[in-house]
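Structure first, then comments.
No value in this document is a laboratory result; all are computed from the given coordinates. Owing to the predicted nature of the structure, the values given are computational and were not obtained by experimental measurement. Here the Cβ positions follow ideal geometry from the backbone for every residue, glycine too, while neighbour counts run over all protein chains shown.
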Protein chains: 2
Amino acid sequence: MRTSQLYLNTLKEAPSEAELTSHKLMVRAGLIKKLGSGLYTWMPLGMRVLRKVEEIVRDEMNAAGAQEMLMPTIQPAELWQETGRWALFGPQMLKIKDRHERDFCFGPTHEEVITDIARSELRSYKQLPVNMYQVQVKFRDEIRPRFGVMRAREFVMKDAYSFDADFAGLQVSYDKMYTAYSNIFTRLGLKFRAVAADTGAIGGDGSHEFQVLADAGEDILAYAPDSDYAANVELAEALAPVTPRAAAAEALRDIDTPKQTTCEAVAELMGIGIERTVKLIALVNNDGKFIVALLRGDHSLNEVKLGKVSGVGEFRFATEDEIRARFNCPPGFLGPVGIDADILVVADRSVAVMSDFVCGANKPKFHIAGVNFGRDLPEPNAVADIRNVVSGDPSPDGKGKLELCRGIEVGHIFQLRTKYSEAMNATFVGEDGQPKFFEMGCYGIGVSRIVAAAIEQNYDERGIIFTQAMAPFAIAVVAVGYHRSEAVKAAADQLYADLKAVGVDVLLDDRNERPGSMFADMELIGIPHRITIGDKGLADGMVEYVARAGGEMQKVALADAVSFARKQLG
Amino acid sequence: MRTSQLYLNTLKEAPSEAELTSHKLMVRAGLIKKLGSGLYTWMPLGMRVLRKVEEIVRDEMNAAGAQEMLMPTIQPAELWQETGRWALFGPQMLKIKDRHERDFCFGPTHEEVITDIARSELRSYKQLPVNMYQVQVKFRDEIRPRFGVMRAREFVMKDAYSFDADFAGLQVSYDKMYTAYSNIFTRLGLKFRAVAADTGAIGGDGSHEFQVLADAGEDILAYAPDSDYAANVELAEALAPVTPRAAAAEALRDIDTPKQTTCEAVAELMGIGIERTVKLIALVNNDGKFIVALLRGDHSLNEVKLGKVSGVGEFRFATEDEIRARFNCPPGFLGPVGIDADILVVADRSVAVMSDFVCGANKPKFHIAGVNFGRDLPEPNAVADIRNVVSGDPSPDGKGKLELCRGIEVGHIFQLRTKYSEAMNATFVGEDGQPKFFEMGCYGIGVSRIVAAAIEQNYDERGIIFTQAMAPFAIAVVAVGYHRSEAVKAAADQLYADLKAVGVDVLLDDRNERPGSMFADMELIGIPHRITIGDKGLADGMVEYVARAGGEMQKVALADAVSFARKQLG
């Protein structure tokens, strides 16, 4: 395509409301345009990117044996009432009444509809497995939509649903989707990790999130650079230390800490490493029982992990009044020595192997040092993994050490099991002639969100850096002086035609603009490769090549430009 | 693809509510499945058809220089209030309140949104012309949705919008779309006509409907088989007769017609052709003025044409009481002779050239014959084309005679002119530096409706007959005995692989079903070509070919099957 034929409208300034880089750049590059809160139009340039993503998604879904279909966006309330989600989904669901005052919603997801289809269509185990997907606009009425298409109200999603006769079948279907998703994000050229995830409100058992690694992500991931291990930081296991507890070597002694109410401050005062301190976190569970969690000073409590320790259950942080009443001591100086025996003491695994440690003295303005389990206080009631992993922890798969990074969720796969088939009485006749509930999986990709996530991962001060698979055009040919130099026009038109002839998705910038403005536009919109044709180079039969991602400008003979470009495009 | 991998679920019976053939066949073939009133899921087999149509539409739109984009389905009420259509659109518009109680609608069309985009994006004549389109789900809350996807509430539409600096530019944009639409329906393999259309509620001037010719159509078209002339029957011009009025030859005389209240009955009684009779239709216009329209007995009144005659304007049919009061005669015996001079008499052109005609006598139970203008009654106040054309009328373009047929509207192109740009104050700066309103066009295609319309045009008692461009698969290879004959399995697998290798969209029916059932399925779902492989033929190295559209079964050497199939596929 030629820029003279392309609707291209770049902006110098981003809207003031845009906080995220991807939001700013997508608006500035003219990929999207805001219609209302959380509502965006995909302009022609953005649509090219969106459709490239869509087609890769389709291609890999088809290759994995999933079949495309299209369900209505508008769904009858009755189906949602069967699963109870009509009430549960909350105000994110856009509820609608039609002209006959019947209740509908704009589908935020399609488990109910597909289960309704399955229960009338799939009658026998012989028809299984089945996996169907659609690429469709969804609506979720976010209370504060922001970040452009990253968290819009209306967005494009690929949602797939699998139906299997048994759990083993579901696992096969699930693994195929895991592989398909990995292929999709690999083909899109993104750095990503599949992380084991909490299944949340949608229910079910196994689940993985596919996260694009980017600093702007809302989720923090723990991953092993040396393997494919990755998990949400809340779910990553902190392995038990391999070194056993050393014998007590120091005497118990008071440390005067008049203003030191944190482990950091105490360690600094004493000139020791913070990893030699222990902090106490006071909690009250739903039965009203007091619980103290013991963590190393440099670690943080993982509430999900603690909740799973026997005898803990749901809990909350103790109030200052509760702490003073129970410990006879203000927060900041609490410690495990000498506390009531009916308090449940849960020590993190890393605390359980400590000796001669430092902790609060349970009296105002004092800590104690040389503390040892067994000698100065009883062994903890429970020892468990109750902390968040930190960078440098060993990877749970035994392969190297963990790193932390941020991620943007762009895909999510779930084993729904029989949650929906039971709720909606969706059965098939099994091999034994008996009715059975479908084993279901659901598999989502935020197609429009991928574009924003990719930009968060790949940009610089000049704009977007698209990977080749997603770029609106693979290569830009910038013709400097197209409207005044016959030689430039002839060379540019010929190169454009030659590249198109070999199937290259090329944009010829044939505008009558200053070179700097043309370069800036091609850089802002993120075209990965650029060839510049100008009179000066042409005098020697040369053109210039530069990669958007960086690297030196190279001079290339015009006669070799097509083969050179194809080589760059891989 | 193999049927063992394809979700295929054909039904013996159509749902009882299905009236149209296409609705019955689409459900029976498993192309669509009903979710609720006017809400259909496109099942995998139907989705293949829908996507083939979509891609041809995209391809031709892109070739015509239109650029794909995607606007939100959910639109803010404010934009519709600017044009007044928030109130005017009526209950077909699905109105929605979001969680903040703000008003939105599920877009039934996108003129308001695109005009809002244009007024902020397109600032100069240098940016024009622009034509943008989207392929998107629309919702129109039909009061009685029926006919399956032919008149569903939620449907897939391609809508395009052009912006030009002046009317000449709009005409160029419009002509490009006219050509693109003609290309689309030609490539889809459909018999269609572009007909000049009334612009209706959307406003504007020039407009064409693209109609697929099929007996089930709701619209009646007049077309010339010898040219590309076509029009809605209401808009087709009835040319003036070329033969002048003959001189009066008969005397005026009463005819006793005690029970004959119609031209048909009078002509039959008299033993003359109905084309020698004249009927009078009594009307009252908005000013309360009486009007009589004179038409040949075999013609019907065209109210739109009559309304355009000077002095007529908007009108209604006179009531029986008004007729009796004014003519002193009951309906059924009215005639133009002797009526009050202040009644406006409008004669159709075909009546104006009649002589010695028969009409009502203006007295009960009598008609009169030998009636002549000038002698028995004054010349009419106006002579105009006020009738609907009939089969055999000369074509307005002078090329042969008109035929009537039914059509299904699948596309519609409009010259909106400045209706929306004026209502929304959407201007650009013209070449003279002055602000100007955009000259707009809009161009719709009912993508999902095309599938139903194509089936209405092409089916037989065995099911759908898809054209090759739309078929879910181009060719079916039916392997009879795939699960019991090694030879059949080997030959079928090889032919399947060979056809796929040369890019043929082939379905291998590898099911363990009776041959009759496999043939019936392939015929029902409309696959245009079929090759059957069975042990009997293979013994002689032969397979069988048959075209879905008809024709004899042919024996083909297995060794030649690929080249034979490619030849059939064209």
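Some observations on this one:
- Between region A:342-400 and region B:9-74, the Cα center-to-center distance that results, in Å: 63
- Compared with the dominant principal axis of the Cα atoms in chain B, helix B:486-501 is inclined by about 60°.
- By average C-beta atoms within 10 angstrom, highest first, the peptides A:26-33, A:446-453, A:379-386: A:446-453, A:26-33, A:379-386
- Cα shape, chain A, gyration tensor, a/c 1.5 rule: oblate
- Tensor-based shape of region B:108-246 (alpha-carbon gyration tensor, a/c under 1.5 rounded, otherwise prolate or oblate): oblate
- Label distances, nm, B:Ala547 versus same residue in remaining copies, Cβ-directed 7 Å point: 5.4
- Dipole of the protein assembly as shown [Lys/Arg +1, Asp/Glu -1 at C-beta], most positive-end residue of A:Ala160, A:His367, A:Val113: A:Ala160
- Residue and distance for the chain A Cβ closest to the axis that moves A onto B, in whole Å, come to A:Ile96, 3.
- Computed over region B:253-384, the alpha-carbon pair-distance distribution with 5 angstrom bins reads 2, 11, 23, 24, 22, 13, 4, 1, 0, each value a whole percent.
- In this assembly of identical copies, the label point of B:Ser124 (Cα plus 7 Å along Cα-to-Cβ) is separated from its counterparts by 6.9 nm, sorted shortest first.
- Fewest-first ranking of B:Cys359, A:Cys442, A:Cys405, using other Cβ atoms within 10 Å as the exposure measure: A:Cys405, A:Cys442, B:Cys359
- Residues with amide H under 5 Å from that of B:Ile255, placed H, sequence gap 5 or more: B:His367, B:Ile368, B:Ala369
- Between region B:225-287 and region A:141-165, the alpha-carbon center distance in angstrom: 64
- Hydrodynamic radius of region A:277-327 by the Kirkwood approach over all distinct alpha-carbon pairs: 11.4 Å.
- The alpha carbon gyration tensor of region B:475-569 gives principal lengths a ≥ b ≥ c with a/c below 1.5, which makes the shape rounded.
- Of all beta bridges that DSSP places with both ends in region A:475-569, some 45 percent have antiparallel geometry.
- Euclidean distance between Cα centres, region A:464-538 to region B:433-460, Å: 34
- Inter-site label distance for B:Asn512 and B:Asp219 at 7 Å from Cα along Cβ, in nm: 5.2
- With a Förster radius of 56 Å applied to the beta-carbon distance between B:Ala248 and A:Lys500, the computed FRET efficiency rounds to 0.15.
- In sequence order, region A:551-564 has phi-based couplings of x, 6, 5, 10, 8, 10, 5, 3, 5, 9, 4, 5, 5, 4 Hz under the Karplus curve 6.51 cos²θ - 1.76 cosθ + 1.60, θ = phi - 60°, and Gly or Pro positions carry x.
- C-alpha long axis of helix A:111-121 to longest principal axis of chain A, angle in °: 70
- Binned Cα-Cα distance frequencies in region B:65-151 - 5 Å width, integer %: 3, 12, 21, 20, 18, 14, 8, 4, 1, 0
- Sequence-separation-based contact order of region A:345-399, relative, with Cα cut under 8 Å and 6+ spacing, percent: 41
- Across region B:214-317, C-alpha contacts under 8 Å between residues 6 or more apart give a mean separation that, scaled by the residue count, equals a relative contact order of 17 percent.
- Neighbouring partner chain Cβ atoms per residue of A:99-112, average, 10 Å criterion: 2
- With a Förster radius of 41 Å applied to the C-beta separation of B:Ser310 and B:Arg144, the computed FRET efficiency comes to 0.55.
- Between 0 and 90°, nearest 10: helix B:447-457 axis offset from chain B longest Cα axis: 80
- Based on alpha carbons, the Rg and Dmax found for region A:2-158 are 18.9, 60 Å.
- Cα-centre dipole for the protein assembly as shown with unit charges at Cβ (Lys and Arg positive, Asp and Glu negative), debye to 20: 220
- Peptide A:34-47 shows a mean partner chain C-beta count of 6 within 10 Å per residue C-beta.
- Relative contact order %, chain B, counting alpha carbon pairs below 8 Å whose residues are six or more apart: 17
- Residues of type lysines that A:Lys259 reaches as a straight line, Cα spacing below 24 Å, ignoring anything fewer than 8 places off in the same chain: A:Lys279, A:Lys363, A:Lys365
- Under 20 Å from A:Lys95, Cα to Cα: lysines that are on another chain or at least 8 residues apart: A:Lys138, B:Lys95, B:Lys97, B:Lys138
- Calculated label separations, A:Asp59, copies of the chain, 7 Å along the beta-carbon direction, nm: 1.8
- Shape analysis of the protein assembly as shown yields a ratio of the Cα radius of gyration to the Kirkwood radius, Rg/Rh, of 1.08.
- Taken residue by residue and averaged, Cβ atoms of other chains lying within 10 Å of the Cβ of A:58-70 number 4.
- Reachable lysines, given that their alpha-carbon falls under 19 Å from the alpha-carbon of B:Lys289 and they are not under 8 places away in the same chain: B:Lys305, B:Lys308
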